[in-house]
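Novice: One structure coming up, written as structure tokens, with questions to follow.
The values are calculated or read from the model by the stated rules, or taken from the named source; none is laboratory data. All values reported here derive from a predicted model rather than from experimental measurement. In this analysis, Cβ positions are derived from the backbone assuming ideal geometry, glycine residues included, and neighbour counts consider all displayed protein chains.
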Amino acid sequence: MKITNEAKPQIEQVLNDKNAQGLMMEVHESCCGKSPVFALVVFDENDNPELVNGIKVLIPEQYRDLAEKITIDLIDGELFVTGVEEHECCGHHDHDEGHCCHHNE
């Protein structure tokens, strides 16, 4: 995982504003693939976060391979996660319904 120098101050500000110590990576899976999401967290004594460009990030063992491909960057003033797996999702459906356009053809 990489956090760019441009993204770092913005993340630090959000962590400070929310009294959080770092980020925790989670992965949401759907028919469109895996999507990493990050929660603001306060760590407990059992957590072992990694230091990524000065930001503490807790990455579950099962997602380490995916995390290696991810970059958190600042683009046009907004934080973006890049390097996520490509998928074949059309985007014209509601995941809560369990349908994906290429599965219903």
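Novice: Somewhere in region 23-34, is a residue outside any helix (DSSP H, G or I), among the acidic types (Asp, Glu) and modelled with pLDDT under 90?
Specialist: Yes, region 23-34 contains a residue that is outside any helix (DSSP H, G or I), among the acidic types (Asp, Glu) and modelled with pLDDT under 90.
Novice: Another question, then. Can you confirm whether region 2-20 contains a residue that is part of a strand (DSSP E or B) and small (Gly, Ala, Ser)?
Specialist: No, the conditions are met nowhere in region 2-20.
Novice: Given the residues 40, 51, 23, which is the only one that is without any contact (Cβ under 8 Å) to a residue 12 or more places away in the chain and either of a type in the set (Val, Ile, Thr) or at negative phi (or both)?
Specialist: After applying the criteria, what remains is 51.
Novice: Related question: Tell me yes or no: at least one residue of region 69-80 is among the aliphatic types (A, V, I, L, M) and in contact with a Gly (Cβ under 9 Å, 6 or more places away or on another chain).
Specialist: Yes - at least one qualifying residue is present in region 69-80.
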